[in-house]
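The values are calculated or read from the model by the stated rules, or taken from the named source; none is laboratory data. Treat the numbers as computed from the prediction; the structure is a model and nothing was measured. Note that each Cβ is placed from the backbone with ideal geometry, even for glycine, and that neighbours are counted across all protein chains shown. The area values use the complete protein model at the heavy-atom level, side chains included, leaving out ligands, DNA and RNA. Shrake-Rupley method; radii C 1.70, N 1.55, O 1.52, S 1.80 Å.
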Amino acid sequence: ESREAKVMSNHDRGHAHGACRPLRALGGESLDAIVVGGIGAGALQGLTMSGLKVYQAEGVTIADNITCLAEQGLSELAGDQVCGGHRNGHGCSH
């Protein structure tokens, strides 16, 4: 609602594939929702189980995505929309 944006460091950058702890990555920040370019199943599950809504980025810039979110133009991610791995040239954007 405030359209405030903040740069945050990822506090979980050094994890092995499939071992992401998204709440640790957020460094204790209090959020209601997050917008992602791509996400794995475990990370999505961790975020949604903590009460966060996870939306798929559609805009080119952060400002575009904030506007889309404010206008209810971003889709909330479901379990069947996650990254399936990085084999065979898979090119998800997370």
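In the condition set (1) farther than 16 Å from PRO22 by Cα; (2) at pLDDT 85 or above; (3) in a loop (DSSP other than H, G, I, E, B), THR67 is compliant with all but (3).
Residue-level analysis places LEU74 among those that are modelled with pLDDT of 85 or more, of a type outside the set (Asp, Glu), part of a loop (DSSP other than H, G, I, E, B) and open to solvent by less than 60 Å² (accessible area, probe 1.4 Å).
Residues satisfying the criterion are absent from region 40-52 (criterion: buried (at least 18 other Cβ atoms within 10 Å of the Cβ) and in a loop (DSSP other than H, G, I, E, B)).
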